[in-house]
Amino acid sequence: MRCPFCGFLESKVIDSRESKAGISIRRRRACLSCKRRFTTYEKIEEIPYMVVKKDGTRQPFDTQKLLRGMMRACEKRPIQISQLEEIVEEVESLLQERPDKEIGVPEIGQLVMDRLRDLDKVAYVRFASVYREFEDVAEFRQELENLMKDK
């Protein structure tokens, strides 16, 4: 495994853990040259899961893209990255259970919004505003009013 800091090709595994859903293995490594530590994830490569976009096009499911979107919504919020990774794993597990290996953007978005609503209301509204493509303040206001009713 190439060290992301110095590029050295050899490292030792310090710790290995299976993810909660058993989808991947997290390995903590130490570079044998610079001694810095880094984390890698290993998972079985299967038939790519496809995401059906709003315009009908399909693209491979990208866990990192989903994680980045949620991280943007959660900036400066008291949410741990591990909590967001759990949501990504849940979406990925849902895909694995499907016989057709496809999932629509609306289903992914709704699942993420449901989880973020329980986790952090501000992060939920941020994610919903991008996902639902709010056009004006009235849509924001309506979403906030719905959120307040659900309390």
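What to note about this one:
- All of Leu32, Leu111 fail the test of being at pLDDT below 95 and surrounded by 12 or more Cβ atoms within 10 Å (Cβ to Cβ), apart from Leu111.
- Residue ID - surrounded by the fewest Cβ atoms within 10 Å (Cβ to Cβ), chosen from residues in segment 75-89 that are among the β-branched types (Val, Ile, Thr) and in a helix (DSSP H, G or I): Ile81
- Residue in segment 79-90 that is over 17 Å from the mean Cα position of the chain (by Cα), closer than 28 Å to Ile14 by Cβ and modelled with pLDDT of 90 or more present: no
- Residue satisfying all of: in segment 121-149; of a type in the set (S, T, N, Q) and under 22 Å from Ile108 (Cβ atoms); modelled with the lowest pLDDT among these: Asn146
- Of the numbered criteria (1) surrounded by 11 or more Cβ atoms within 10 Å (Cβ to Cβ); (2) under 19 Å from the mean Cα position of the chain (by Cα), the one Gly22 fails is (1).
- Screening Ser33, Ser16 for residues that are of a type in the set (Gly, Ala, Ser) and not in a loop (DSSP other than H, G, I, E, B) leaves exactly one candidate, Ser16.
- Among the residues of segment 66-97, those that are touching a residue at least 40 places away in the same chain (Cβ under 8 Å) and closer than 22 Å to Lys54 by Cα comprise Leu66, Gly69, Met70, Arg72, Ala73, Glu90, Glu92, Ser93, Leu95, Gln96.
- Matching residues, segment 1-51, being out of contact with any Asp or Glu (no Cβ under 7 Å at 6 or more places or on another chain) and polar (S, T, N, Q): Ser11, Ser16, Ser33, Thr39, Thr40
- Those residues of segment 40-57 which are among the charged types (D, E, K, R), modelled with pLDDT under 90 and farther than 30 Å from Glu10 by Cβ, in sequence order: Lys54
- Of all residues in segment 69-120, those satisfying the criterion of being more than 24 Å from Gly56 (Cβ to Cβ) and of a type in the set (S, T, N, Q) are Gln80, Ser82, Gln83, Ser93.
The values are calculated or read from the model by the stated rules, or taken from the named source; none is laboratory data. Since we're looking at a predicted model, the values are computed, not measured. We place every Cβ from the backbone using ideal geometry, glycine too, and count neighbours over all the protein chains shown.
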